[in-house]
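Each value in this text was obtained by applying a stated rule to the coordinates, not by laboratory testing. Keep in mind that what you see is a predicted model, and the values were worked out from it rather than measured. Using ideal geometry, Cβ is built from the backbone for each residue, glycine included, and neighbour counts are taken over all protein chains shown.
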Amino acid sequence: MSEREDTRTMADLAREALDVQHACNLSGVVHGFSRAISRLRVLLDAQGKGGTHAVNTHVICMLWSDKIASLTSTQSMRGDDMGQAYSLVHDLTKG
């Protein structure tokens with residue numbers, strides 16, 4: 001679905017953000033979040049409330065990102081755990 005064809009309202013996006021809280025497929029959640037962000041940006045821009053910060057901190061994005069954190073077991077990660085994950089991924093870049 002292109003942005004042009006996406007006619008979801010803010011209420012539709014809100015319902016979707018609530019519905020996704022029951023999801024278990026990370027890939028589906030991430031793809032859905034991407035589509036939701038694209039539509040949210042259009043709706044906020046139309047209201048004169050757009051911009052990266054407005055989208056990033058919107059409550060709809062907060063729910064989507066919380067679900068992603070839940071599925072990746074990062075909701076309760078401490079800073080040192082995230083630092084270790086960063087180091088491990090950095091090491092993976094070396095082949």
In the chain, trypsin sites (Lys or Arg not before Pro) in a DSSP loop with at most 14 other beta-carbon atoms within 10 Å: ARG4, LYS49, ARG78, LYS94
Residues listed by number, the stretch 8-37, amide nitrogen under 15 Å from ALA85 label point at 7 Å toward C-beta: 26-27, 30
Acute angle (nearest 10 degrees) that the helix 79-92 long axis makes with the longest principal axis of the chain, alpha-carbon atoms: 80
Rounded D (µm²/s) - the stretch 10-92, Kirkwood Rh over Cα pairs, Stokes-Einstein at 37 °C, 0.692 mPa s: 234
For GLU16, GLU5, order by how many other beta-carbon atoms lie within 10 Å, fewest first: GLU5, GLU16
On Cα atoms only, tilt of 10-19 relative to the major axis of the chain in degrees: 40
